[in-house]
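Each remark here refers to the structure printed beneath this line.
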Amino acid sequence: MRKSLAVALALGLWTDSLVWARQPVRAAQAMVVAQEPIAAEVGLATLKAGGNAVDAAVAVATALAVTYPFAGNLGGGGFMLVRMNDGRQAFFDFREKAPAAAGPNMYLDKDGKPTRDSVVGWRASGVPGTLRGLELAHRKFGQQKWADLLAPAVKLAREGFPVSYSLSQSLKSAGRVRANAPDGSVLTAGGILTREADSKRIFLRDGRFYEPGEIFRQLELATLLKRVQERGVNEFYEGELARHFAREMAAHGGLITYEDLKNYQAVERKPLEGTFGDYTLITAPPPSTGGLGLLQMVNILEGTGYEKAGLGSAAATHYVAEAMRRYYADRGEFLGDADFVKVPLTSLISKAYARERRASIDPAKATPSSVIKQGRPTPGESNETTHFSIVDAAGNAVALTYTLNGGYGSGVTLPGLGFLLNNEMDDFTVKPGSPNMFGLIEGEANAIRPGKRPNSSMTPTVVLLKGQLHLVLGAPGGSRIPTGVLQVFLNVAVHKLNIQDAIDQPRFHHQWQPDKLYLERGFSPDTIELLRAKGHPVEPNTFGVARVEAIQVETIDGKRWLAGGQDGRGDGKVAGY
Ligand code: GLY
C-alpha cells in the first residue's frame, strides 16, 4: 500500500484522489448550501420540520430577501430548478419582464449613446418575478403551508438579526462611492445605496453604518412580508401593495405600472438536458443562456482528452478557454427570450454542432476573438425554452438562483415597502455592440420589447450519474456563472475532486469579448507565461469567477452521504443533518 494511502486511511482522511484536500461538510439526511448563514439555517429548520426541498427553497429565498439584501430579493427574479426523487423535474422561470412602456432605444441619449439609466435608478427595473415564482413552485410541489414558510422571514425582518462582518462591509461599500462589491467583483455596489432617501435610511442608517453585531431591523419589509404571508402573493401583484408600488413608480418617473404587476406571470418550462459520458446535466433553458452554454461547452470538451495535460496546466486551461470563447460568441448572436425570438436551441446543444465548433480549436494557439465568428446552427427550432442548493431526506433537489442583477440592484427602495428593486433592464441589449455591466456584447435577439425577459447567465443545474442524483449546483456572478459552474462540474466529473476541493480550485474565465483570459489568483507565474505564449491576453489575479454553492451525493461504504461545498470566495454556509 502506498504510504500516502496508508496515512490517509489511518487518519480517516481518505479521498478519491488520494491527495490532501479540504473536505466538504457531510450530512446523512438533508442539506442546504446558501450564501448567507442565517438563511441556510432557516432552510435546515424547514427540512427538519418535515418540509421538502421546495418548501425549504421558499423559506430560504424569503429569508435571504431579509438577511442578504445584496442579492436576496422580492424585487428581482430568477430561476428554480426542481428534480424530485421520482424523476419529475421542473424549471420555474420568474425572470423579470420589461414593462409595457419599455422599448428598444429607451436607454440611449439624443446622440445614440447608452445612458446609465439601465443600471441605476427608477427606470432600471424590470417587473419583479420572485414571489410569483416561489408561489408557482410551492403550488406544484410544496407540502407545508405558505404562511409557515414565510414566518422566519417575517420574524427576521421584524425582530432583526445581528449584522455579520461581511454584511457590514457590504453595506459600507454600497454606502461609499468607488468601493467594490463584497465578493470582489466589478459590479456597481460602490455608492449604489446613497442615491435614494429610503435606501440611505434603511440600509445605511443615514451614514451611521451598521457595525458587526448590531441588530438590523426592517420594519416596512416586515409589514409587507406579513401581508404576503397572510393574504398570499396576489397582495403583492394585484392588491394594495401593488397599487402602492405603482403609485411610487409613477411619482418617481419609473415605468412599472399596476397593469404590469397584475399581468406578470411566472412560467414553468422544460429544463434543458444533455450528457457528458455517464453524466446527465439538467439545466436552465432560455431566457437563461447559461444552461445552453454549459451544455455547449461540455459537448465541445467531451472526448477530447484535454484533461490529460492536468488540472490547472496551461494546455488544459487553454483548451477549456477556447470552448468558452466559442460559446460566448454564439450567445451574443443567437440568444434571446424564446417567447419572442427563434432560438436555434436543439442545434446549439447538439453533439454535431459541438464537433464543428471543436474543429476550429487549435490546441497550441489561442484563436483571437476578432476572427471567431458565430457558428451556423440549424435555424427554426421550437420556442421552448444568489444561488442556493438543497437536497431533502427523500432525495428531492432544488437549485435556485435569483438576483437583483447588480449588488443592491438599482439602488431604489420602494418608499413604505422596504425592499430593493432590480436593475435587470441592463441585461437586455441596450445598444447592439455596446457592452453591458458585465462587459457582454449582445445583439438584436436580446433587444428590449415590452413584456420580454432579458437574457440571463444564471445556471441552476442538477447532474445525474448513471441516472442517480449526483450534483446540485449553481452560482451568482453575472457572465461568469456558466464558466464557474462548468469548472466545478469538470473538477468533479473529470478530475475526480471532492465537491469542496472542486470549488476551491482557482478558476478562469473567457467570454469572447473583451478578448481576455481572466485568471483568479492561484495560477503559477510559469503557467501564466505559457498561456501568454499561446497567444492569450492574460489578466492574472483578477476578480472571482462566480461563487458556486453545491451539494454532491456520495456513496461511502454503501451508505448515502450528502457532501456540501461552500464557496470561500464569499461566506455562506453548509447546513445539514
Ligand atoms: N443578472 C445577471 C444574470 O441574470 O445573468
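Nothing in this text is a laboratory measurement; each read-out follows from the coordinates by a stated rule. Quick caveat: nothing in here was measured; it's all calculated off a predicted structure. As a convention, Cβ positions derive from the backbone with ideal geometry for all residues, glycine included, and neighbour counts pool all protein chains shown.
Here are some notes:
- With K and R counted +1 and D and E -1, the other residues having a Cβ less than 15 Å from that of Ala59 yield a net charge of -2.
- Oblate is the label for the range 60-215, because the ratio a/c of its alpha-carbon gyration tensor axes (a ≥ b ≥ c) is 1.5 or higher and a/b is not greater than b/c.
- Computed magnitude of the charge dipole of the range 35-164 (debye, nearest 20; Cβ of K, R +1, Cβ of D, E -1): 240
- Within straight-line cross-link reach of Lys308, lysines at Cα separation under 20 Å, skipping those fewer than 8 residues along the same chain: Lys365, Lys496, Lys534
- Under the convention that each Lys and Arg Cβ holds +1 and each Asp and Glu Cβ holds -1, the size of the dipole of the range 438-577 around its Cα centre is about 380 debye.
- Global geometry of the range 242-297, whether rounded, prolate or oblate, following the gyration tensor of its Cα atoms and the 1.5 cut on a/c: prolate
- About its Cα centre, the dipole of the chain is roughly 380 debye, where the only charges are +1 on Lys and Arg Cβ and -1 on Asp and Glu Cβ.
- Taking a straight Cα-Cα cut-off under 15 Å and skipping sequence neighbours fewer than 8 places away in the same chain, the aspartates and glutamates within cross-link reach of Lys140 are Asp55, Asp86, Asp93, Glu268.
- Of the residues Gly535, Gln296, Gly477, the one whose Cα sits farthest towards the positive end of the charge dipole of the chain is Gly535 (charges of +1 on Lys and Arg Cβ, -1 on Asp and Glu Cβ, taken about the Cα centre).
- Per-residue HN-Hα couplings for the range 461-471 [Karplus 6.51, -1.76, 1.60; θ = phi - 60°; Hz; x = Gly/Pro]: 9, 10, 10, 9, 10, 6, x, 9, 4, 10, 9
- Proximal charge balance of Ala49 [Cβ under 9 Å; K/R count +1, D/E count -1]: -1
- Rounded, prolate or oblate (a/c below 1.5 giving rounded, otherwise prolate when a/b exceeds b/c) for the range 151-296 by Cα gyration tensor: oblate
- When shorter helices are ignored and each DSSP H run of at least 4 residues is given -39500 (n - 2.57), the per-residue value for the chain at 222 nm works out to -10000 deg cm²/dmol.
- Partners for Lys110 among aspartates and glutamates (Cα-Cα distance below 19 Å; same-chain residues under 8 apart left out): Asp426
- With the charge dipole of the chain set up from +1 on Lys and Arg Cβ and -1 on Asp and Glu Cβ about the Cα centre, the Cα lying farthest toward the positive end among the listed residues Tyr68, Val371, Ala39 is that of Val371.
- Peptides 68-79, 351-362 ordered by packing proxy, namely the average of other Cβ atoms within 10 Å per residue, highest first: 68-79, 351-362.
- Within the shell defined by Cβ-Cβ distances under 13 Å, the residues around Val485 carry a net charge of +1, with Lys and Arg each +1 and Asp and Glu each -1.
- Normalising the average separation of contacting C-alpha pairs (under 8 angstrom, six or more residues apart) by the number of residues puts the relative contact order of the range 451-541 at 17 percent.
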